[in-house]
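Undergrad: For reference, the structure I am asking about is given below.
The values are calculated or read from the model by the stated rules, or taken from the named source; none is laboratory data. In this text the structure is predicted, and so the values were computed from the model without any measurement. Virtual Cβ from ideal backbone geometry, glycine too; neighbours counted across all protein chains shown. What goes into the accessible areas is simple: the full protein's heavy atoms, side chains included, and nothing from ligands, DNA or RNA. Shrake-Rupley method; radii C 1.70, N 1.55, O 1.52, S 1.80 Å.
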Amino acid sequence: MKKIAIIMGSDSDLPIVEKAMKMLDQFEVPYEAHVYSAHRTPEQAREFAVNAKANGFGAIIAAAGMAAHLAGAFAANTTLPVVGIPVSSGSLNGVDALYSTVQMPTGIPVATVAVNGAANAALLCVEMLAISDDVLAEKLEEYRKADTQKTLNKNSAVEEKYNH
Ligand code: RP5
């Protein structure tokens with residue numbers, strides 16, 4: 001199976017990024033995590049992106065806060081799908097990172113999830129790999145069914161408590 005690269009702009013992004021790791025662990029999808037910054041370590045970031053496909057990665061998750069150019073910088077240097085996680089940090093609470101991540105020019109896409117939406121970033125990557133992996137596709141179906149059931153259970157609890 002292809003690996004997922006999880007790149008974060010700083011180790012201060014870890015509390016958010018760990019949600020993506022947890023989700024990939026749940027689906028037994030292999031990943032590597034790295035700290036590379038578009039601004040602080042641009043050469044290392046470029047090197048990783050340029051070689052990612054040859055190194056067995058199938059998609060890249062890039063998480064960064066503030067002027068979050070990380071996902072875009074990775075997308076500029078690979079044709080692998082790049083999923084961007086805008087991280088809330090600093091005085092603008094992630095709106096800055098959201099805009100910096102999502103507003104990519106035509107030709108260099110970044111699939112941007114919600115601010116701090118690390119679990120969905122991982123799920124998108126699982127869905128990409130599942131296109132050519134029937135076992136993973138089956139796990140996704142089971143995950144979705146369990147998620148639906150959880151919400152139905154919440155509905156039952158609310159209905160029972162408040163509807164007389
Ligand atoms: C971004 O700046 C990082 O992704 C992080 O979200 C934010 C703050 O970084 P640190 O100053 O905590 O290293 O580049």
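Undergrad: Pop a pseudo-label 7 angstrom from the Cα along the beta-carbon direction at both Val95 and Ile108 and give the gap in nm to one decimal.
TA: About 2.6 nm separates the two model spin labels.
Undergrad: Over the chain, average the accessible area per residue using a 1.4 Å probe and give it in Å², no decimals.
TA: Heavy-atom SASA per residue in the chain reads 57 Å².
Undergrad: Alpha carbon centre of segment 57-116 versus segment 122-159: separation in Å?
TA: That distance is 25 Å.
Undergrad: Next up: Translational diffusion coefficient of segment 5-164 at 37 °C, 0.692 mPa s, Stokes-Einstein with Kirkwood Rh over Cα pairs, in µm²/s as a whole number.
TA: 199
Undergrad: Using a 1.4 Å probe on the protein heavy atoms, what percent of the accessible area of the chain belongs to carbon and sulfur?
TA: Carbon and sulfur together cover 54 percent of it.
Undergrad: Using R₀ = 30 Å, calculate the FRET efficiency as 1/(1 + (r/R₀)^6) where r is the Cβ-Cβ separation of Arg144 and Glu47; round to 0.05.
TA: Between Arg144 and Glu47 the formula returns 0.20.
Undergrad: Any chance you could run the full-extension gain for Arg40 through Val158? It's 0.36 nm times the residue separation minus the Cα-Cα distance, nm to one decimal.
TA: 37.6 nm
Undergrad: If each DSSP helix of 4+ residues adds -39,500 (n - 2.57) and the sum is divided by the residues in the chain, what number results at 222 nm, nearest 500 deg cm²/dmol?
TA: It lands at -15500 deg cm²/dmol.
Undergrad: Say each of Ala54 and Asp11 gets a label point 7 Å from the Cα, pointing the same way as Cα to Cβ; how far apart are those two points in nm?
TA: If labels sit at Ala54 and Asp11, their model points lie 3.0 nm apart.
Undergrad: Work out the charge dipole of segment 1-114 with +1 on the Cβ of Lys and Arg and -1 on the Cβ of Asp and Glu about the Cα centre, then indicate which of Phe57, Tyr36, Gln26 is farthest towards its positive end.
TA: Ranked along the dipole, the leading option is Phe57.
Undergrad: Then there is this: Tell me, what is the percent relative contact order of segment 1-132, built from C-alpha pairs under 8 Å that lie six or more residues apart?
TA: Computed value for segment 1-132: 27 percent relative contact order.
Undergrad: Right, something else. Please report, in debye to the nearest 20, how large the charge dipole of the chain is about its Cα centre when each Lys and Arg carries +1 at its beta carbon and each Asp and Glu carries -1 there.
TA: Rounded to the nearest 20 debye, it is 200 debye.
Undergrad: With a 10 Å radius around each residue's Cβ, average the other Cβ atoms per peptide and rank 150-161, 87-98, highest first.
TA: 87-98, 150-161
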